[in-house]
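> Okay, handing you the structure first.
The values are calculated or read from the model by the stated rules, or taken from the named source; none is laboratory data. Predicted model only: the values in this text are computed from it and were never measured. Counting neighbours? That spans all protein chains shown, and the Cβs are built from the backbone with ideal geometry, glycine included. What goes into the accessible areas is simple: the full protein's heavy atoms, side chains included, and nothing from ligands, DNA or RNA. Shrake-Rupley method; radii C 1.70, N 1.55, O 1.52, S 1.80 Å.
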Amino acid sequence: MENMFSLKGKVALVTGASYGIGFAIAKAFAKAGATIVFNDIKQELVDKGLAAYEAEGIKAHGYVCDVTDENAVNAFVSTVEKEIGVIDILVNNAGIIKRIPMHEMTAAEFRQVIDVDLNAPFICAKAVIPSMIKKGGGKIINICSMMSELGRETVSAYAAAKGGLKMLTRNIASEYGEYNIQCNGIGPGYIATPQTAPLRERQADGSRHPFDSFIIAKTPAARWGNPEDLAGPAVFLASEASNFVNGHVLYVDGGILAYIGKQP
Ligand code: NAP
Ligand code: GCO
């Protein structure tokens, strides 16, 4: 059973993995035997990430690359292929959110979210697929969201992007399954990272943020997730244990999507 989940000899690229969910996933991949490659937009963050991996005893390869820039991504992927090897596992993790009521959001703001959360996974997947085909297979994991299924006030662009990412996942599976490429999604629930920090900020009187209380009540597990909660599901979808799982979104949400919520 242990071998089924082994990533020994595999090269894994996790985008935007200096910290947060991407870092936790990359750390789990390294523990399963993979060589880790990650990128971030700024050198400062890459350096911070490299130090964080080193502190965990992991020798990761970090690069500066904006995932929305197609030429930069293509150059980055070909450098990795030359210097490290063909990318066997891609995790499209880099993402942003803008919490703005839709009627106040500019089209430019909407586009920026779609660009990072939907266009970039297309650009990165497109860049790694040709070598995966030549090599005889590969794994692509798209980090989706509760918002791949649900809406809420202020997150129209994010929900549109993550809903689109769910369908891009199914389409990559449909188009490249015959090449032994499995493309699946992970839909994290509410996870405590810098992205969700504003939703957990303490009130002036020291009490919980109302959104924080709302999420705890809406989650059967009665807590926020930690980035480490995504480690096992990610290793499963990156390993040969999931070789006949394709086009699926695995929700790792403490039960949110199964639950109607507590009666007030
Ligand atoms: P995070 O803490 O904000 O980390 C996101 C990472 O992506 C950061 O390192 C960020 O770099 C990087 N990034 C942003 N734009 C980029 C670009 N254009 N090129 C390269 N890197 C870029 O977010 P997180 O909470 O760990 O989330 C990771 C993924 O999970 C995202 O796709 C997010 O939407 C998704 N997700 C999060 C949750 C949650 O509850 N936290 C739930 C479901 C899904 P900078 O710091 O420079 O911006
Ligand atoms: C929000 C949150 C979410 C989460 C996550 C849920 O404002 O509702 O930021 O969108 O980050 O994606 O799965």
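> Provide a single number: the residues in region 67-109 that are assigned to a helix (DSSP H, G or I) and within 20 Å of the chain's Cα centre (by Cα). Explain how you work it out, then say what you get.
Filtering region 67-109 down to residues assigned to a helix (DSSP H, G or I) leaves 70-83, 102-104, 107-109.
From what's left, within 20 Å of the chain's Cα centre (by Cα): 70, 72-74, 76-77, 80.
Qualifying residue count, region 67-109: 7.
> Given Ala258, Ala238, which one is surrounded by 18 or more Cβ atoms within 10 Å (Cβ to Cβ) and of a type in the set (A, V, I, L, M, F, W, C)? Show your work before the answer.
Details: Ala258 fails: surrounded by 18 or more Cβ atoms within 10 Å (Cβ to Cβ).
So the residue among Ala258, Ala238 that is surrounded by 18 or more Cβ atoms within 10 Å (Cβ to Cβ) and of a type in the set (A, V, I, L, M, F, W, C) is Ala238.
> Across region 181-227, what is the number of residues that are in contact (Cβ under 8 Å) with a residue 60 or more places away in the chain, over 16 Å from Gly22 (Cα atoms) and exposed (fewer than 15 other Cβ atoms within 10 Å of the Cβ)?
So the count comes out to 1.
> If you check Glu178 against the conditions, is it over 20 Å from Gly22 (Cβ atoms), outside any helix (DSSP H, G or I), open to solvent by 40 Å² or more (accessible area, probe 1.4 Å) and charged (D, E, K, R)? I'd like the intermediate steps shown before the answer.
Values: over 20 Å from Gly22 (Cβ atoms): yes; outside any helix (DSSP H, G or I): no; open to solvent by 40 Å² or more (accessible area, probe 1.4 Å): yes; charged (D, E, K, R): yes.
For Glu178, the condition - over 20 Å from Gly22 (Cβ atoms), outside any helix (DSSP H, G or I), open to solvent by 40 Å² or more (accessible area, probe 1.4 Å) and charged (D, E, K, R) - is not met.
Residue by residue, here is whether (1) near ligand 2 (Cβ under 10 Å from one of its atoms); (2) under 30 Å from Phe211 (Cβ atoms); (3) in a helix (DSSP H, G or I) holds:
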residue	(1), (2), (3)
Val113	no, yes, yes
Val116	no, yes, yes
Ile141	no, yes, no
Met147	yes, yes, yes
Arg152	yes, yes, no
Tyr158	yes, yes, yes
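Rundown of residues vs (1) under 21 Å from Cys144 (Cα atoms); (2) of a type in the set (A, V, I, L, M, F, W, C); (3) surrounded by 14 or more Cβ atoms within 10 Å (Cβ to Cβ), yes/no style:
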residue: Ile21; (1), (2), (3): yes, yes, yes
residue: Phe38; (1), (2), (3): yes, yes, yes
residue: Ala51; (1), (2), (3): no, yes, no
residue: Ala72; (1), (2), (3): no, yes, yes
residue: Phe76; (1), (2), (3): no, yes, yes
residue: Val91; (1), (2), (3): yes, yes, yes
residue: Ala108; (1), (2), (3): no, yes, no
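> Can you name every residue in region 173-212 that is of a type in the set (Gly, Ala, Ser) and away from ligand 1 (no atom under 16 Å from the Cβ)? Give the derivation first.
So the first thing to find is which residues in region 173-212 are of a type in the set (Gly, Ala, Ser), and the list is 173-174, 177, 185, 187, 189, 192, 197, 204, 206-207.
Listed by number, the residues that qualify are Ala173, Ser174, Gly177, Ala204, Gly206, Ser207.
> Another question, then. Restricting attention to region 113-130, which residues are out of contact with any Ser or Thr (no Cβ under 9 Å at 6 or more places or on another chain) and not hydrophobic (A, V, I, L, M, F, W, C)?
Lys126, Pro130
> Quick one: would you say Gly261 is in a loop (DSSP other than H, G, I, E, B), modelled with pLDDT of 95 or more, on the phi > 0 side of the Ramachandran plot and not polar (S, T, N, Q)? Let's see the steps before the verdict.
Details: in a loop (DSSP other than H, G, I, E, B): yes; modelled with pLDDT of 95 or more: no; on the phi > 0 side of the Ramachandran plot: yes; not polar (S, T, N, Q): yes.
Spelling it out, it is not the case that Gly261 is in a loop (DSSP other than H, G, I, E, B), modelled with pLDDT of 95 or more, on the phi > 0 side of the Ramachandran plot and not polar (S, T, N, Q).
> Let me ask something else. Checking Lys162 against (1) in contact (Cβ under 8 Å) with a residue 60 or more places away in the chain; (2) touching a strand residue (DSSP E or B) at 6+ places or on another chain (Cβ under 9 Å); (3) in a helix (DSSP H, G or I), which single condition isn't satisfied?
For Lys162, the failing item is (1).
> Taking region 180-216 on its own, how many of its residues are within 10 Å of ligand 2 (Cβ to nearest atom) and of a type in the set (Lys, Arg)?
0
> Here's another thing I want to ask about it. Taking Met167 as meeting all but one of (1) among the aliphatic types (A, V, I, L, M); (2) open to solvent by 50 Å² or more (accessible area, probe 1.4 Å); (3) over 30 Å from Met105 (Cα atoms); (4) away from ligand 2 (no atom under 16 Å from the Cβ), write down the number of the exception.
Looking at each condition in turn, Met167 falls short on (3).
> Considering only residues that are over 13 Å from the mean Cα position of the chain (by Cα) and in a loop (DSSP other than H, G, I, E, B), which ones fall in region 1-44?
Selection gives Met1, Glu2, Ser6, Leu7, Lys8, Gly9, Lys10, Ala32, Gly33, Ala34, Ile41, Lys42.
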